[in-house]
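The values are calculated or read from the model by the stated rules, or taken from the named source; none is laboratory data. Note that the coordinates shown come from a computational prediction; the quantities given were computed from them, not determined experimentally. Virtual Cβ from ideal backbone geometry, glycine too; neighbours counted across all protein chains shown.
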């Protein structure tokens, strides 16, 4: 008997829309598995569910952090387990939905006790990055922990820094530590929403980003940028789209160059998410955008229909 169902897929694959459809047919509550949607004020660029959508079905783990704060995989595991318990106590099935694969892996497989942050090591890594660039540190990580490096973009400063920090503190690669299961992890069925037509996904990502721009994404980032406590080095501002918009507002490149960079980064994110999905070995795969996707997912939910 599963404790929860987890619907995972790359950005733009239609996970959220499919989950909302499920909620019209089955007694579920949704738990976000998204490292951008945890932040208040990151609405348009994170494709956060609208107020109307959130009023139709209960959502968890959205808007739970200020963008000046950090949020770790360990905190997600703690919060997701608490949300799963709450939803099950109401007699409903928790449906976890998102694309932050590190969160998903940590919840399903368990997250061992990673070493705490070390300010001296982080300062040294920041100095190296300033002098050499993050792609050089990514290459350093690839030599020490190729499995983790393969899942990270060469400019993913936050995660490259953390992975190198873990090695420096523990003497072990993060990939080895993350494979040590925790005994109290919930029982999860994982369903992967897989786009089989890559060109179609790329078109969808481009169209979705243009729709975000039309909805005022740049203005959203302007408001965030006006805050004195937010910097481009914070995890919230390094999210795909926000990082490129911040640089554009700083005067780096034209609007066309910003748009192209953001779309390219989104495509790269989707590619990395698909790599993670393959390593997670989902219990069930559904073709993204297929006419019978909803029926396939409902089949996995052995529940009575919603009243």
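Of the residues 71, 103, which is touching a residue at least 40 places away in the same chain (Cβ under 8 Å), assigned to a helix (DSSP H, G or I), closer than 27 Å to residue 173 by Cβ and outside the structural domain of residue 172 (by TED's automatic domain parsing)? After applying the criteria, what remains is 103. Residues in region 10-54 that are assigned to a loop (DSSP other than H, G, I, E, B), within 23 Å of residue 280 (Cβ to Cβ) and in contact (Cβ under 8 Å) with a residue 60 or more places away in the chain: 10, 11, 12, 13, 14, 34, 35, 36, 37, 46, 47. Residue check: is residue 7 closer than 22 Å to residue 194 by Cβ, in contact (Cβ under 8 Å) with a residue 60 or more places away in the chain and buried (at least 18 other Cβ atoms within 10 Å of the Cβ)? Spelling it out, residue 7 is indeed closer than 22 Å to residue 194 by Cβ, in contact (Cβ under 8 Å) with a residue 60 or more places away in the chain and buried (at least 18 other Cβ atoms within 10 Å of the Cβ). Among the residues of region 279-298, not a single one is within 19 Å of the chain's Cα centre (by Cα) and closer than 18 Å to residue 45 by Cα. When residue 192 is tested against (1) buried (at least 18 other Cβ atoms within 10 Å of the Cβ); (2) farther than 22 Å from residue 94 by Cβ, exactly one condition is not met: (2).
Does any residue of region 75-84 turn out to be part of a loop (DSSP other than H, G, I, E, B), within 19 Å of residue 174 (Cα to Cα) and in the same structural domain as residue 21 (by TED's automatic domain parsing)? Looking through region 75-84, none of the residues is part of a loop (DSSP other than H, G, I, E, B), within 19 Å of residue 174 (Cα to Cα) and in the same structural domain as residue 21 (by TED's automatic domain parsing).
Considering the conditions (1) within 27 Å of residue 194 (Cβ to Cβ); (2) in contact with a helix residue (DSSP H, G or I) (Cβ under 9 Å, 6 or more places away or on another chain), residue 246 is excluded by exactly one of them, (1).
The residues of region 236-266 that are in contact (Cβ under 8 Å) with a residue 60 or more places away in the chain, surrounded by 20 or more Cβ atoms within 10 Å (Cβ to Cβ) and assigned to a helix (DSSP H, G or I), listed by number, are 236, 237, 242, 245, 266. Residues in region 278-297 that are part of a helix (DSSP H, G or I) and touching a helix residue (DSSP H, G or I) at 6+ places or on another chain (Cβ under 7 Å) were compared, and the one that is farthest from residue 146 (Cα to Cα) is 294.
Here is a yes/no grid of residues against (1) surrounded by 14 or more Cβ atoms within 10 Å (Cβ to Cβ); (2) within 30 Å of residue 29 (Cα to Cα); (3) at pLDDT 95 or above:
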residue	(1), (2), (3)
71	yes, yes, no
86	yes, yes, yes
103	yes, yes, no
106	yes, yes, no
117	yes, no, no
122	yes, no, no
149	yes, no, no
